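See below for the structure under consideration.
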Amino acid sequence: MYQPDNQPRLGVCYYPEHWPEDTWEADARRMKDLGLTTVRIGEFAWARMEPEPGVFTWDWLDRAIQTLGDAGLKVVLCTPTPTPPKWLTDAYPSVLRHSEDGLPEKHGSRRHVSVASKTYREQSRRITRALADRYGHNPHIIGWQTDNEYSCHDSTLSYGPEDRDAFQLWLAKAYGDINALNAQWGTVFWSMTYRSFDEIELPNRLTAEPAPAHWLDFRRFFSDMTAEFNREQCDILRAGSRVDMFITHNFMVAEMGFDHWTVSSDLDFASWDSYPLGFVEKFAGRMGMSGEAIVDRYMRIGHPDIVSLHHDLYRDMSRTGRLWVMEQQPGPVNWADWNPAPVDGAVRFWTLEAIAHGAEVVSYFRWRQAQWAQETYHTGLNRPDGTPDRASVEVESLRDDLPKLTFVDRNDAAGGEKSNTVGLYFDWEAAFTYEALVQGKDQNAYAHTANWYHFLRRMGLNVEFVSPSRMAVLPAYIIPCAPVLEADVVDFLRETGAPTVFGCRTGSRDGTLNWMPQPMVCEDGVPVEPLMTDLFLDRVESLRPSQQIGVELADGTAMQASAWVEHLRIMGLSEPGSNAPPVEVLGSFRREPHLPSGLDAAFVRQENLHYLGFEPDYEGMKAIMAPIFDAAMIAADELPEDIRMRRSDGRLYVMNFGPTDYDAAKMGLRGEAIIGEGTVVRPYTISVFADT
Ligand code: GAL
């Protein structure tokens with residue numbers, strides 16, 4: 001498979017169909033002169049590729065690829081399935097995505113189709129096959145991108161007739177027998193009982209909430225449909241292409257529409273689209289990092305943890321440990337509520353940050369700012385008239401630096417240093433489950449994970465993401481949310497013996513969300529054994545944001561629990577003769593006259609596994625984790641709020657997201673930086689040091 005050499009490379013997203021053909025050659029030459037090596041094209045060009053049903057006009061695309069190739073650039077070609085032409089949706093209206101009110105969406109934008117529509121799937125296979133036939137052996141093409149940002153604009157769930165038919169089939173396959181479904185979903189509860197699978201409706205236009213298992217299965221169904229949609233394209237592209245061509249997809253942040261781990265397993269590697277300023281404005285809330293103060297503070301550089309979390313997540317999701325940033329913000333975007341310009345140096349900063357986290361290619365979006373249609377305020381490397389915009393200058397400034405940043409081993413999670421690395425678990429099933437079982441307005445699995453990520457990065461640690469499909473041997477683990485807990489995960493954790501902290505709700509439900517008396521481990525959704533023999537969960541409480549409950553650790557350290565607390569009960573149930581020591585209470589809720597009885601143990605341990613019956617705040621995380629870091633020989637050292645670091649490939653990257661100088665000598669760093677001056681890291685810059 002194509003791999004760039006062992007130094008990071010830069011690329012760009014380009015839309016030859018938007019510009020007169022006589023400008024292509026000069027564009028390509030200037031891309032090359034700027035030091036770019038890759039160009040991604042084609043993801044929205046279906047109507048130009050096939051203007052009439054079955055009539056393909058490849059000539060312009062042939063010439064565009066040839067022009068780029070002649071300039072020495074390598075091309076990533078996309079399947080254009082996020083934007084079917086008007087003739088297609090007119091001829092096959094059942095392909096349209098149906099919104100929650102059951103109405104079909106219209107032509108005039110993008111992503112207006114359903115991945116569950118079998119008619120759309122046929123069309124997707126057809127255009128993918130045509131592309132593979134035409135370009136699968138083109139010498140200038142190094143790889144494929146499937147579609148574009150699955151689920152972007154919350155476009156996964158759909159409520160049309162084809163969706164319903166496919167959902168019923170999916171359920172019939174999953175349960176086999178309608179009575180099994182009735183039992184698992186608890187349909188007797190409100191006379192929801194079904195006599196056959198074809199009676200089951202999609203969970204929209206309901207008076208009150210659906211049965212949680214109904215909603216969860218609906219979410220799993222669409223997740224599976226997205227994975228199948230992607231897999232069908234991958235199979236066709238792989239069968240029809242040179243063996244060294246890769247397949248990737250550009251994921252979009254904080255998208256909870258489908259399980260990204262599953263989709264990634266069919267790709268050669270994952271890539272993602274990084275818009276640091278748009279994310280602070282638009283997604284900080286989804287990730288529990290909201291608040292005017294945070295947005296104001298980072299509005300021109302991006303949040304120190306939102307971007308890096310996704311670099312880490314998508315790198316670790318890649319089967320090969322490789323990572324591309326397929327779209328990198330170059331200046332103001334157009335799609336957040338407010339769209340400020342980045343601070344000078346931000347584009348350079350984001351590029352180095354991506355490399356620190358393992359990106360082998362950073363590809364800017366887009367070559368030229370559009371002159372018409374939806375994104376005219378969205379900047380590019382160049383203005384619409386072709387003159388270089390600010391980002392070009394910053395890209396140019398990287399030319400001498402990139403050769404200093406060679407990778408040690410492209411296939412080892414980007415050469416990440418392991419001894420100071422914590423495994424952080426995230427799984428889309430948890431997000432679906434939190435949504436299906438709402439018991440507190442602010443419960444959000446992704447945000448809980450992001451809070452722990454923030455804490456770990458403030459401690460100066462590397463983070464690797466783990467999930468049921470990817471467990472890696474690391475010194476310690478945090479599993480913030482896993483309401484349905486897989487036996488394989490627990491077996492792995494018991495075997496490594498590494499200290500592990502489970503967040504509240506872990507193991508609290510079986511595969512169809514039925515209540516259980518104690519946290520359990522499940523195999524294929526069926527409970528098989530308790531997580532801790534003696535640990536029982538009597539009831540849970542959710543708390544409004546103004547409410548907090550004190551927790552005290554055995555050594556007297558105090559902290560606050562908020563949002564969610566559990567009434568845990570420890571029963572001396574360990575089998576006589578069993579090797580498991582009894583559950584040890586490491587922290588308890590503080591007794592107060594107004595609190596109900598039952599709030600006792602708050603933090604417990606059995607062997608290497610720890611369980612938290614509440615959500616700790618940042619200071620709480622520090623106190624809880626200090627002895628665990630010691631036990632795992634992890635050297636955690638708290639960094640200032642605006643500083644982050646990452647160790648990889650024998651280098652230490654120190655990132656200053658703030659407006660004042662930071663002297664890295666405080667971390668014990670001495671001598672000259674590989675990139676940067678001395679030990680002082682200037683505002684909004686990244687310095688790189690040898691990691692000795
Ligand atoms: C991305 C998308 C691009 C473009 C860009 C604008 O999410 O993939 O096509 O719309 O946003 O920032």
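Scanning segment 234-255 for residues that are touching a helix residue (DSSP H, G or I) at 6+ places or on another chain (Cβ under 8 Å) and within 16 Å of the ligand (Cβ to nearest atom) yields H249, F251, V253, A254. Sub-6 Å Cβ pairs linking a first residue in segment 642-668 that is without any contact (Cβ under 8 Å) to a residue 24 or more places away in the chain to a second residue that is in a strand (DSSP E or B), at least 6 apart or interchain, are D661/V680; Y662/I643; Y662/N656; Y662/V681; D663/V680, ordered by first then second residue. Can you list residue pairs whose Cβ atoms sit under 6 Å apart, with the first residue in segment 91-115 being closer than 11 Å to E162 by Cβ and the second being among the acidic types (D, E)? Count only pairs 6 or more apart in sequence or on different chains. Between residues of segment 91-115 that are closer than 11 Å to E162 by Cβ and residues that are among the acidic types (D, E), the close pairs are S94/E162; L96/E105; R97/E105; S114/D163.
Could you list, ordered by first residue, the pairs with Cβ atoms under 8 Å in which the first is in segment 329-340 and under 15 Å from A370 (Cβ atoms) and the second is within 11 Å of the ligand (Cβ to nearest atom) and among the β-branched types (V, I, T), at least 6 apart or interchain? Short answer, once both residue conditions are applied: P330/T379; G331/T379; P332/T379; V333/T379; N339/V333. When each of T81, T89 is tested for being in the same structural domain as C234 (by TED's automatic domain parsing), closer than 21 Å to N148 by Cβ and within 16 Å of the ligand (Cβ to nearest atom), the lone residue that passes is T81. Of the residues that make up segment 664-671, is at least one of a type in the set (A, V, I, L, M, F, W, C) and assigned to a strand (DSSP E or B)? Within segment 664-671 (the criterion being of a type in the set (A, V, I, L, M, F, W, C) and assigned to a strand (DSSP E or B)), the answer is no, since none of the residues qualifies.
Taken together, M299, M289 contain a single residue that is outside the structural domain of H454 (by TED's automatic domain parsing) and in contact with a Leu (Cβ under 9 Å, 6 or more places away or on another chain), which is M299. Within segment 343-371, the set of residues being part of a loop (DSSP other than H, G, I, E, B) and among the small types (G, A, S) comprises G345, G358, A359, A370.
Residue count for segment 526-544, restricted to those that are open to solvent by less than 20 Å² (accessible area, probe 1.4 Å) and either closer than 22 Å to Q443 by Cβ or of a type in the set (F, W, Y) (or both): 3. Out of G380, G331, one residue alone is open to solvent by less than 10 Å² (accessible area, probe 1.4 Å), out of contact with any Phe, Trp or Tyr (no Cβ under 8 Å at 6 or more places or on another chain) and within 14 Å of the ligand (Cβ to nearest atom). It is G331. Tell me whether segment 319-326 contains one or more residues that are open to solvent by less than 10 Å² (accessible area, probe 1.4 Å), among the hydroxyl-bearing types (S, T, Y), in contact (Cβ under 8 Å) with a residue 40 or more places away in the chain and assigned by TED's automatic domain parsing to the domain that holds H140. Scanning segment 319-326 turns up no residue that is open to solvent by less than 10 Å² (accessible area, probe 1.4 Å), among the hydroxyl-bearing types (S, T, Y), in contact (Cβ under 8 Å) with a residue 40 or more places away in the chain and assigned by TED's automatic domain parsing to the domain that holds H140. Scanning segment 225-262 for residues that are farther than 18 Å from D154 by Cβ, in a helix (DSSP H, G or I) and open to solvent by 10 Å² or more (accessible area, probe 1.4 Å) gives E228, R231, E232, D235, I236, R238, A239, W261, T262. Restricting attention to segment 85-104, and to residues there that are open to solvent by less than 50 Å² (accessible area, probe 1.4 Å) and more than 16 Å from E122 (Cβ to Cβ), which single residue is farthest from the chain's Cα centre (by Cα)? Among those residues, the one meeting the criterion is G102.
Of all residues in segment 152-185, those satisfying the criterion of being closer than 24 Å to H98 by Cα, of a type in the set (S, T, N, Q) and more than 16 Å from the ligand (Cβ to nearest atom) are S158, Q168. On inspection, G278 passes the criterion of being in contact (Cβ under 8 Å) with a residue 40 or more places away in the chain and closer than 20 Å to G345 by Cβ.
The set of residues in segment 186-209 being over 27 Å from the mean Cα position of the chain (by Cα) and within 16 Å of E100 (Cα to Cα) consists of E201, R205, L206, T207, A208, E209. For segment 546-561, what are the residues that are touching a strand residue (DSSP E or B) at 6+ places or on another chain (Cβ under 7 Å) and either assigned to a strand (DSSP E or B) or touching a residue at least 60 places away in the same chain (Cβ under 8 Å) (or both)? Of everything in segment 546-561, those that are touching a strand residue (DSSP E or B) at 6+ places or on another chain (Cβ under 7 Å) and either assigned to a strand (DSSP E or B) or touching a residue at least 60 places away in the same chain (Cβ under 8 Å) (or both) turn out to be Q548, I549, G550, V551, E552, L553, A558, M559, Q560, A561. Provide a single number: the residues in segment 120-178 that are open to solvent by 20 Å² or more (accessible area, probe 1.4 Å) and among the aromatic types (F, W, Y). Count: 3. If you scan segment 127-146, which residues turn out to be under 23 Å from F251 (Cα atoms) and charged (D, E, K, R)? Listed by number, the list holds a single entry, R129. How many residues, within segment 263-292, are over 30 Å from I142 (Cβ atoms), open to solvent by 10 Å² or more (accessible area, probe 1.4 Å) and either modelled with pLDDT of 95 or more or outside any loop (DSSP other than H, G, I, E, B) (or both)? Residues in segment 263-292 being over 30 Å from I142 (Cβ atoms), open to solvent by 10 Å² or more (accessible area, probe 1.4 Å) and either modelled with pLDDT of 95 or more or outside any loop (DSSP other than H, G, I, E, B) (or both): 3 in total. The single condition among (1) within 16 Å of the ligand (Cβ to nearest atom); (2) under 21 Å from the mean Cα position of the chain (by Cα); (3) surrounded by fewer than 23 Cβ atoms within 10 Å (Cβ to Cβ) that N339 does not satisfy is (2).
Exactly one residue out of A64, A28 is more than 16 Å from the ligand (Cβ to nearest atom), assigned by TED's automatic domain parsing to the domain that holds A391, part of a helix (DSSP H, G or I) and in contact with a Phe, Trp or Tyr (Cβ under 7 Å, 6 or more places away or on another chain): that is A64. Of all the criteria given as (1) away from the ligand (no atom under 16 Å from the Cβ); (2) at pLDDT 95 or above; (3) touching a helix residue (DSSP H, G or I) at 6+ places or on another chain (Cβ under 7 Å), the one not satisfied by S318 is (2).
Condition check ((1) open to solvent by 20 Å² or more (accessible area, probe 1.4 Å); (2) touching a Leu at 6+ places or on another chain (Cβ under 9 Å); (3) of a type outside the set (G, A, S); (4) touching a residue at least 40 places away in the same chain (Cβ under 8 Å)) across all residues:
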residue: P20; (1), (2), (3), (4): yes, no, yes, no
residue: T38; (1), (2), (3), (4): no, yes, yes, yes
residue: I41; (1), (2), (3), (4): no, yes, yes, no
residue: E50; (1), (2), (3), (4): no, yes, yes, yes
residue: L73; (1), (2), (3), (4): no, yes, yes, yes
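Per-residue answers, yes or no, for (1) hydrophobic (A, V, I, L, M, F, W, C); (2) in contact with a Leu (Cβ under 6 Å, 6 or more places away or on another chain); (3) modelled with pLDDT under 95:
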position: N420; (1), (2), (3): no, yes, yes
position: Y425; (1), (2), (3): no, no, no
position: A431; (1), (2), (3): yes, no, no
position: K441; (1), (2), (3): no, no, yes
position: Y446; (1), (2), (3): no, no, yes
position: Y453; (1), (2), (3): no, yes, no
position: R458; (1), (2), (3): no, yes, no
position: V466; (1), (2), (3): yes, no, no
position: A472; (1), (2), (3): yes, no, yes
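For segment 293-307, the set of residues classified as surrounded by fewer than 24 Cβ atoms within 10 Å (Cβ to Cβ), among the aliphatic types (A, V, I, L, M) and part of a loop (DSSP other than H, G, I, E, B) consists of M299 only.
The values are calculated or read from the model by the stated rules, or taken from the named source; none is laboratory data. Worth saying up front: this structure is predicted, and the values here are computed from it rather than measured. For neighbour counting, all protein chains shown are included, and Cβ atoms are generated from backbone atoms with ideal geometry for every residue, glycine included. Side chains are part of the model used for accessible areas, which takes the heavy atoms of the whole protein and leaves out ligands, DNA and RNA. Shrake-Rupley method; radii C 1.70, N 1.55, O 1.52, S 1.80 Å.
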